[in-house]
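The values are calculated or read from the model by the stated rules, or taken from the named source; none is laboratory data. Computed from a predicted structure; not experimentally measured. All Cβ positions, even for glycine, are placed from backbone atoms using ideal geometry, and neighbour counts span all protein chains on display. Note: accessible area is taken over every heavy atom of the protein model, side chains too, but ligands, DNA and RNA are not part of it. Shrake-Rupley method; radii C 1.70, N 1.55, O 1.52, S 1.80 Å.
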Amino acid sequence: MHQQALTRGGDGVALYTDCYTGETLRGGDRYDYEHIRSSESIFMMYRDRLTNTEIAEVVNCPENVAVTLRTINQSKGKMRMEAWMANSTNISNHNINATIAKSAISNADLGIQNKVEEILSRR
């Protein structure tokens, strides 16, 4: 992910798009890698079907890992994004683009589902 961002930047500085705001983030900005669906929520959902190693694969599937401003990540914590966005103050204070955020959530959910199916099909 970082290597691709460096390539996009073209000048040795990583270039990302915030997964919740759509804003451009460059190396040096205060951003975090974000699990759109938390490892805890994925663990709780799949602990009866997957091993811890398999759950780690699901948590870190490319669709579930994105970049967002550190202030958003810290404010959201382990909350589900939908619950965090239900507070309109969070949306306005952090300049959240609801369409972009919902797309990121849908993409993460689909990636998680596909990764789980892939893992289960290996058995």
| Tell me, what is the percent relative contact order of the chain, built from C-alpha pairs under 8 Å that lie six or more residues apart? | 30
| task | Give the residues of segment 83-120 whose amide nitrogen is closer than 11 Å to a point set 7 Å from the Cα of Ser41 in the direction of its Cβ. | result | 83-85, 105-106, 108-109
| task | Per DSSP H run of n ≥ 4, the term is -39500 (n - 2.57); total these for the chain, divide by its residue number, and report the mean residue ellipticity at 222 nm rounded to 500 deg cm²/dmol. | result | -15500 deg cm²/dmol
| said: Checking the a/c ratio against 1.5 first, then a/b against b/c, what shape does the Cα gyration tensor give for the chain? | reply: oblate
| said: If the elastic network links every pair of Cα atoms under 10 Å, which of Gly111, Gly22, Gly77 fluctuates the most in the Gaussian network model of the chain? | reply: Gly77
| field | Largest to smallest accessible area among Glu63, Glu54 [probe 1.4 Å] | value | Glu63, Glu54
| Difference of contour (0.36 nm per residue) and Cα-Cα distance, Asp48 to Arg30 | 2.8 nm
| said: With a 10 Å cut-off between alpha carbons and a GNM built on the chain, which of Asp48, Asp109, Asp32 moves the most? | reply: Asp48
| message | What does the extension gain come out to for Asn87 and Arg8, with contour length at 0.36 nm per residue minus their alpha carbon separation? | response | 25.1 nm
